[in-house]
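**Q** This structure is in structure tokens; I'll ask about it shortly.
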Amino acid sequence: MADQALRKAPLVGRHGGSAGARVTPAGPATRLSLRAGTDAIGTLSLAFGLELPQRPKTSASVSGRHALWLGPDEWLLIDENGADLMAIAAGVSALHSATDVSHRNTAILVSGPDAAGAIASSCPLDLGKTIFPVGAAARTVLGKIEIVLLRTGEEEYRVECWRSFSPYAFGILAEGAEDAAL
Amino acid sequence: MLLIYCPYCEEERSELEFRHGGDAHIARPTNMADITDEEFQDFFFLRDNPKGLIFERWRHIHGCGRFFNAARDTVSDKFVMSYKAGEPKPDLSGATPATEKPLTEKVGETHEATEGTAK
Amino acid sequence: MSGANRIAGQGRLTPAKTARFTFDGKTYQALEGDTVASALLANGVHLVGRSFKYHRPRGILSAGPEEPNALIDVSRDVARRQPNVRAPVQEVFDGMKVESQNRWPSLSFDIGGVNNLLSPFFAAGFYYKTFMWPKAAWEKVYEPFIRKAAGLGVAPTEEDPDHYANRYDHCDVLVAGAGVAGLAAALAAAEAGARVILVDEQPEVGGALHYDMSVTIDGQSGYEWAQATAAKLKAMENVTVLTRTTAFGYYNHNFVGLVERVTDHLAKPDKKLPRERLWQVRAKRVILATGSIERHMVFANNDRPGIMLASAARTYLNHFGVAVGRKVGVYTASDSAYEAAFDLKRAGVTIAAIVDNREKPGDAVLTEARRLGIEVLTGHSVVDTKGKLRVSSISVARNGGGSARAIPVDALLMSAGWTPSVHLFSQSRGKVAYDAASGRFLPGTYAQDCLSVGSCNGTDGLQATIEESLAAGELMARATGNEGGAKVELRGENAFEWTGGMAGAGEGAGVDTTVKAFVDFQNDVCAKDIRLAVREGMHSIEHIKRFTTNGMATDQGKLSNIHGLAIASEVLNREIPKIGLTTFRAPYTPVTFGALISHSRGELFDPARKTPMHAWEEAHGAVFEDVGNWKRAWYYPRSGETMHDAVNRECRTVRNAAGLFDASTLGKIEVVGPDAAEFLNLMYTNAWDTLKPGRCRYGIMLREDGFVYDDGVVGRLAEDRFHVTTTTGGAPRVMNHMEDYLQTEFPHLKVWLTSTTEQWAVIAVQGPKAREILAPLVEGIDMANEAFPHMSVREGKICGVPTRLFRMSFTGEAGFEVNVPADYGQAVWEAIWARAEPLGACAYGTETMHVLRAEKGYIIVGQDTDGTVTPHDASLSWAVSKKKTDFVGIRGLKRPDLVKEGRKQLVGLLTKDPNVVLEEGAQIVADPNQPKPMTMLGHVTSSYWSENCGRSIAMALVAGGQARLGQTLYVPMPDRTIAVEVSDMVFVDKEGGRLNG
Ligand SMILES: [Zn+2]
């Protein structure tokens, strides 16, 4: 029996950003790509302990667990405390699909007064206060890659992307942060 | 760069989030294996490419991920409407694309257009 | 002192704030805020460039971006050097180096000036006619000549050291132009609560208020009002004011491109600052307040240095404090030029005369000219000029003939009236309309949600402009749902309303004259060239434009279009609107590549995708190859090994011991739901309902037309869960293809797809020792051959972390593919390596993978297939279900062309000389001695040296290939013809026993 394999995050050791917008790799989290029809939403919400959002561009968050509306039958669940989301899903008999994407994605946190400007350097989404308020979430693009953007606070955003794209995402956000702070 | 209304996200989003999907309302035959060569040709190969109003598919691939249909004027690029996949083709025979709509009273008074006459 | 022509007490620059720059090596002093043009004029320099075709001496014509003549080369250092900069736009910074262009050996003595003498040979259309024959002369004579003569300026040779930024933005109302109209519109919109972006290309807002000293608004001077209004707007949270920012392109759906020049005016810019910032703005509404551009007069030798637009002279005087001459003449068809004469006269400059080609100028300006004692010659024209490097005199004659009188001048101001700037409106696909009364093209039919206000809309008069702009600002704010704010009111007054204006050639440059009366300065197009074009049969303005190049220079005819049109109209004897205006294209002014590229350079040019094991591979000497955006380990050379050596060693080692291969880039899709098998039945040619959980199958995906689209191994993890793999390059399109069918053709199926490509790191362990290597690391999976046979999948643990362990092979050896959550990839790889290395295994790269699979005849979709290959062509008929009644491609496979004899089919090729390795892509023929063009039977798709076979092997698509086994065919190459024998595609272990070992 070999030693337990150690986990190595894709952005380990990276740091960047500016006085106006800090750019930092998020810690590991468990993630689920959850798919279900409308009739299963109640049961699944109960199981995961949060109300799965049903409106476009919205999310629900309860103590480090987030459910982001990505499409009419699609949510991205993120648990920053590492809960076994697959196990929770396995306990739900209502028709759904749960796929573990904990390692597929990684996240970058952008925070500070110029956070929105940093993201707007490469993201065509309107990040205006009323149109993308705290709690808003959307799958969109950042430069040449796809991301999922979650506004976690007035000046705080979580950028989720696939792991191999994360150095690119980090680089472009760091450059955007530099420019937004000027 | 187009601004496209996604009927699932219920808002206009940048074209960067979308992928074009060809003509809309071409249903795959349910008896696929049995159709004639001519029927297959019409289904798979032949498209009209009209000037003016067309019905086309889009996928909000970097958004909600859904396929949907849109009616667009190929001359002005104006979208007349977009609607969810599976919904029937709307009757737009009465609709003119918004191209020629004057924006204000003042503009309505002005003269005929004069583009270059090169042929 | 910052120039002898700076007049104390004039202008807005601060005399104490100086900056030094060089022009053609000579040092000059400027004031902070000067443009290169104003600084040169202050120092008495009028000659700044040579023209494009005739190399004629040229000066400064304008004070804005319409400048066609004063194009300069500006550099900060050797890498930061930009040609074709407009001198009236470029601000001076301390230490800048400016050079004139298009001259050799010097500006004042230019050998190319001989073109001027040879000008009869350079008539309009000369490119098309002169260089047609003889054909051979093109390469040796004409092209080098044109290359040398054409193009202005010299591109920098070094890489651009600056960086550029990009910003997406959104607003309710975007206002382009911050003159009176734009400021008023922005103010009204902002006060109503709209999100407003106001842009202006100049360093400061104000537009015409820079020069028009007679304007007062709400009791303030126009210029002061403009600055105060800008300050007020900047302080509002809902407003962004961008100066030095050009709205250069108006695209679909109110998408407007802006470029902000951030550092070009700074002596020592902070390194963090981008040189330029591209703004990609999506505006709900757009207000165009782009003003208008003064036209020059078209008359003989109207291009000498010192001849300039009247409004430009006012700008140089009133804003920069510079007199453009000491004895200045005016030639005009419009009242506006009179005000230039008044301003100069009041500043102490002698006005030689105002030559007005109209019999009846406006009463007000005429009275004021008389009051100031300025001689006005109405009904007269300037018919010629003199002066080698600067205008020295003008010839004035009464219209309709008579003797000319020479008047000495050192500058001549001219105005033929004003052309509304409808460029952005036209770019928005709006249709302009000709207003015959005023002789202007104005916005006609709108195509987008925008409005034009002020002089770009043909609105004359200050108060009318203000009221129209305020109304538009409020209207647009309301239209975008803003309900706040009190109504804005402004009161403006100015001294004179302007009348007049003309288009086309003036006296002495009319039909039947051959003088050089320039219409387009930048492209050296004269009035006679346009007439020649018409005589040569060009009757549409689009043809005339291309024949003469009128309006085709980088200034896009901002000055010349209307004149050109009028001259064509006269000779064609057709009204101007019947001839039409050419369409304006983006960009309004040139945009740097740097701004358009912005962040997409260097490491951010394209994402470089690396697998979880990349660092280990790099540390172990891997050479990488690009596969799409992925960096894949290609081969692992040891010290002294060539690529060939390394690949041969890797190939041997895998078959004799084992190898580790990073297969993480393979596309993976999780297919989940009760109808998963039914869905895969439709997407692949194979039958999936018969596949038992725990087993795998090789699947082929077709397009509807029956051609192979992708392939991969699919494992069934549970009744309702499949782990699908795709080719590396095919992953995104296969996912889209499957989603398309699922959402739009088979929406009744209860199944969902999730891309899991990056969830799993994949370590292929292949070779006779694979099981021995892995078994001790694995928990919860029976690794025995019978318990875990070829083409099966198990879930358990490896190195203490979860794994999906596949027993499968792309090498023909017994093998496994270890899937672990990606963050564990490197640690698990290292643990496997620690066991593998002592057992004689190696790490191998994609090249060895390619050779090993070719030795087994396994195809690579996209290499051995090209979108015209059916499963049957690829000898994969066994993978096409005969029982299914539907799958994507089922009907396509029955198309007559796909079932007929003689199709190209994949076969093996063995060269007669085993040491010869064929070239991939090489063509194959049956008879190498047939006459050309030969009948080609197909081409080589894959070809390698196979160390394990001790010879070369190849795969090829050959017409009727499967019926040609054993035949000799030929591969003609430039230096020899290679004989090959057609074989089957399995070169190693034809029975396949090793797979089950
Ligand atoms: Zn959507």
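**Q** Across the stretch C:27-76, which residue is surrounded by the fewest Cβ atoms within 10 Å (Cβ to Cβ) among those that are charged (D, E, K, R) and not in a loop (DSSP other than H, G, I, E, B)?
**A** As a first pass, look at the stretch C:27-76 and keep what is charged (D, E, K, R): C:32, C:34, C:50, C:53, C:56, C:58, C:66-67, C:73, C:76.
Among the residues that remain, those that are also not in a loop (DSSP other than H, G, I, E, B) are: C:50, C:58, C:73.
Details: C:Arg50: 26, C:Arg58: 29, C:Asp73: 21.
Once the filter is applied, the top-ranked residue is C:Asp73.
**Q** Any residue in the stretch B:44-63 that's within 21 Å of B:Gly86 (Cβ to Cβ): show its pairings with residues that are within 16 Å of the ligand (Cβ to nearest atom) and among the acidic types (Asp, Glu) at Cβ separation under 7 Å, as long as the two are six or more apart or on different chains.
**A** As it stands, the answer is B:His60/B:Glu17; B:Gly63/B:Glu17, since those pairs meet every condition given.
**Q** Out of B:Arg13, B:Arg19, which single residue is at negative phi and in contact with a helix residue (DSSP H, G or I) (Cβ under 8 Å, 6 or more places away or on another chain)? Reasoning before the result, please.
**A** Numbers: B:Arg13 fails: in contact with a helix residue (DSSP H, G or I) (Cβ under 8 Å, 6 or more places away or on another chain).
Just one listed residue meets the conditions, B:Arg19.
**Q** Could I ask something else about it? So if I check each of A:Ala26, A:Ala36, which one is within 14 Å of A:Leu150 (Cβ to Cβ), away from the ligand (no atom under 16 Å from the Cβ) and either within 11 Å of chain C (Cβ to nearest Cβ) or surrounded by fewer than 19 Cβ atoms within 10 Å (Cβ to Cβ) (or both)?
**A** On inspection, the qualifying residue turns out to be A:Ala26.
**Q** Also, I was wondering about something else. Mind counting the residues in the stretch C:869-914 that are under 30 Å from C:Tyr970 (Cβ atoms) and either among the acidic types (Asp, Glu) or surrounded by 15 or more Cβ atoms within 10 Å (Cβ to Cβ) (or both)?
**A** Final tally of qualifying residues: 21.
**Q** Find the strands (runs of 3 or more DSSP E) located wholly in the stretch B:1-72 whose residues include 3 or more that are within 14 Å of the ligand (Cβ to nearest atom), and list them.
**A** On the way: elements: B:3-6, B:11-14, B:19-23, B:53-59.
So the answer is B:3-6, B:11-14, B:53-59.
**Q** Please determine, by comparing only the residues of the stretch A:157-177 that are of a type in the set (D, E, K, R) and at the interface with chain C (Cβ under 8 Å from one of its Cβ atoms), which one is surrounded by the most Cβ atoms within 10 Å (Cβ to Cβ). Show your work before the answer.
**A** The initial filter retains those residues of the stretch A:157-177 that are of a type in the set (D, E, K, R), namely A:158, A:160, A:163, A:175.
Retained after the next criterion (residues that are at the interface with chain C (Cβ under 8 Å from one of its Cβ atoms)): A:163, A:175.
Details: A:Arg163: 24, A:Glu175: 26.
My answer is A:Glu175.
**Q** From the list A:Ala137, A:Ala87, A:Ala115, which residue is more than 23 Å from C:Glu237 (Cα to Cα), more than 10 Å from every other protein chain (Cβ to nearest Cβ) and in contact with a Phe, Trp or Tyr (Cβ under 7 Å, 6 or more places away or on another chain)?
**A** A:Ala137
**Q** Now, a different point. Read through the list (1) without any contact (Cβ under 8 Å) to a residue 60 or more places away in the chain; (2) surrounded by fewer than 17 Cβ atoms within 10 Å (Cβ to Cβ); (3) within 16 Å of the ligand (Cβ to nearest atom), then give the number of the only condition that B:Val75 fails.
**A** (3)
**Q** Here's something else I'd like to know. Tell me the residue from C:Ala615, C:Ala595, C:Ala586, C:Ala566 that is within 30 Å of C:Asp435 (Cα to Cα), in contact (Cβ under 8 Å) with a residue 12 or more places away in the chain and part of a helix (DSSP H, G or I), please.
**A** The conditions single out C:Ala566.
**Q** While we're looking at this one, here's another question. I'd like the full set of residues that are surrounded by fewer than 19 Cβ atoms within 10 Å (Cβ to Cβ) and in contact with a helix residue (DSSP H, G or I) (Cβ under 8 Å, 6 or more places away or on another chain), limited to the stretch A:48-72.
**A** Of everything in the stretch A:48-72, those that are surrounded by fewer than 19 Cβ atoms within 10 Å (Cβ to Cβ) and in contact with a helix residue (DSSP H, G or I) (Cβ under 8 Å, 6 or more places away or on another chain) turn out to be A:Glu51, A:Gln54.
**Q** Here's something else I'd like to know. Report whether or not A:Leu109 is at pLDDT 95 or above, assigned by TED's automatic domain parsing to the domain that holds A:Ile147 and not β-branched (Val, Ile, Thr).
**A** Values: at pLDDT 95 or above: yes; assigned by TED's automatic domain parsing to the domain that holds A:Ile147: yes; not β-branched (Val, Ile, Thr): yes.
So A:Leu109 fits the description; yes.
**Q** With the structure loaded, tell me whether C:Asp200 is among the acidic types (Asp, Glu) and within 14 Å of chain A (Cβ to nearest Cβ) or whether it fails that test.
**A** no
**Q** Tell me which residues, restricted to the stretch C:750-768, are more than 7 Å from every other protein chain (Cβ to nearest Cβ) and over 15 Å from C:Asn819 (Cα atoms).
**A** C:Val751, C:Leu753, C:Gly767, C:Pro768
This table checks each residue for (1) hydroxyl-bearing (Ser, Thr, Tyr); (2) within 14 Å of chain A (Cβ to nearest Cβ); (3) within 34 Å of the chain's Cα centre (by Cα).
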| site | (1), (2), (3) |
| --- | --- |
| C:Ile597 | no, yes, yes |
| C:Asp606 | no, yes, yes |
| C:Gly621 | no, no, no |
| C:Tyr636 | yes, no, no |
| C:Ser639 | yes, no, no |
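**Q** Right, something else. Is one or more of the residues making up the stretch C:979-987 farther than 26 Å from C:Gln766 by Cβ and in contact with a helix residue (DSSP H, G or I) (Cβ under 8 Å, 6 or more places away or on another chain)?
**A** Yes, because at least one residue in the stretch C:979-987 is farther than 26 Å from C:Gln766 by Cβ and in contact with a helix residue (DSSP H, G or I) (Cβ under 8 Å, 6 or more places away or on another chain).
**Q** Quick one: which residue in C:Leu233, C:Leu183 is over 29 Å from the mean Cα position of the chain (by Cα), away from every other protein chain (no Cβ under 14 Å), part of a helix (DSSP H, G or I) and surrounded by 24 or more Cβ atoms within 10 Å (Cβ to Cβ)?
**A** Of C:Leu233, C:Leu183, the one residue that is over 29 Å from the mean Cα position of the chain (by Cα), away from every other protein chain (no Cβ under 14 Å), part of a helix (DSSP H, G or I) and surrounded by 24 or more Cβ atoms within 10 Å (Cβ to Cβ) is C:Leu183.
**Q** Looking at (1) assigned to a loop (DSSP other than H, G, I, E, B); (2) of a type in the set (S, T, N, Q); (3) closer than 30 Å to C:Ala527 by Cβ, which is the only condition C:Thr263 fails?
**A** Among (1) assigned to a loop (DSSP other than H, G, I, E, B); (2) of a type in the set (S, T, N, Q); (3) closer than 30 Å to C:Ala527 by Cβ, the lone unmet condition for C:Thr263 is (3).
**Q** Among the candidates C:Leu490, C:Leu475, which residue alone is among the hydrophobic types (A, V, I, L, M, F, W, C), modelled with pLDDT of 95 or more and in a loop (DSSP other than H, G, I, E, B)?
**A** Selected residue: C:Leu490, the only one of C:Leu490, C:Leu475 that is among the hydrophobic types (A, V, I, L, M, F, W, C), modelled with pLDDT of 95 or more and in a loop (DSSP other than H, G, I, E, B).
**Q** To continue, here is another question. Condition (residue is assigned to a helix (DSSP H, G or I), crowded, with 23+ Cβ neighbours inside 10 Å and at pLDDT 95 or above) applied to the stretch C:651-666: is it met by at least one residue?
**A** Checked the stretch C:651-666: at least one residue is assigned to a helix (DSSP H, G or I), crowded, with 23+ Cβ neighbours inside 10 Å and at pLDDT 95 or above.
**Q** Let me ask something else. Among the candidates C:Glu847, C:Glu855, which residue alone is surrounded by fewer than 23 Cβ atoms within 10 Å (Cβ to Cβ) and away from every other protein chain (no Cβ under 14 Å)?
**A** C:Glu847
**Q** Determine which single condition C:Leu893 fails, assuming it passes every other condition in (1) within 14 Å of chain B (Cβ to nearest Cβ); (2) assigned to a loop (DSSP other than H, G, I, E, B); (3) of a type outside the set (D, E, K, R).
**A** Evaluating C:Leu893 over (1) within 14 Å of chain B (Cβ to nearest Cβ); (2) assigned to a loop (DSSP other than H, G, I, E, B); (3) of a type outside the set (D, E, K, R) leaves (2) as the failure.
**Q** Quick test of your reading of the structure: A:Ala180 fulfils all but one of (1) crowded, with 24+ Cβ neighbours inside 10 Å; (2) facing another protein chain (nearest Cβ under 7 Å); (3) in contact (Cβ under 8 Å) with a residue 60 or more places away in the chain. Name the failing condition by number.
**A** A:Ala180 satisfies all of (1) crowded, with 24+ Cβ neighbours inside 10 Å; (2) facing another protein chain (nearest Cβ under 7 Å); (3) in contact (Cβ under 8 Å) with a residue 60 or more places away in the chain except (2).
For every residue, the table says whether it meets (1) surrounded by fewer than 23 Cβ atoms within 10 Å (Cβ to Cβ); (2) more than 14 Å from chain A (Cβ to nearest Cβ); (3) over 20 Å from C:Ala657 (Cα atoms).
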{"site": "C:Ala770", "(1), (2), (3)": "no, yes, no"}
{"site": "C:Ile773", "(1), (2), (3)": "no, no, no"}
{"site": "C:Asp782", "(1), (2), (3)": "yes, yes, yes"}
{"site": "C:Arg794", "(1), (2), (3)": "yes, yes, yes"}
{"site": "C:Cys799", "(1), (2), (3)": "no, no, yes"}
{"site": "C:Arg807", "(1), (2), (3)": "no, yes, no"}
{"site": "C:Pro821", "(1), (2), (3)": "yes, no, yes"}
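The values are calculated or read from the model by the stated rules, or taken from the named source; none is laboratory data. It should be emphasised that the depicted structure is a prediction, and the values quoted were computed from it without experimental measurement. Note that we place each Cβ from the backbone using ideal geometry, even for glycine, and neighbour counts take in every protein chain shown.
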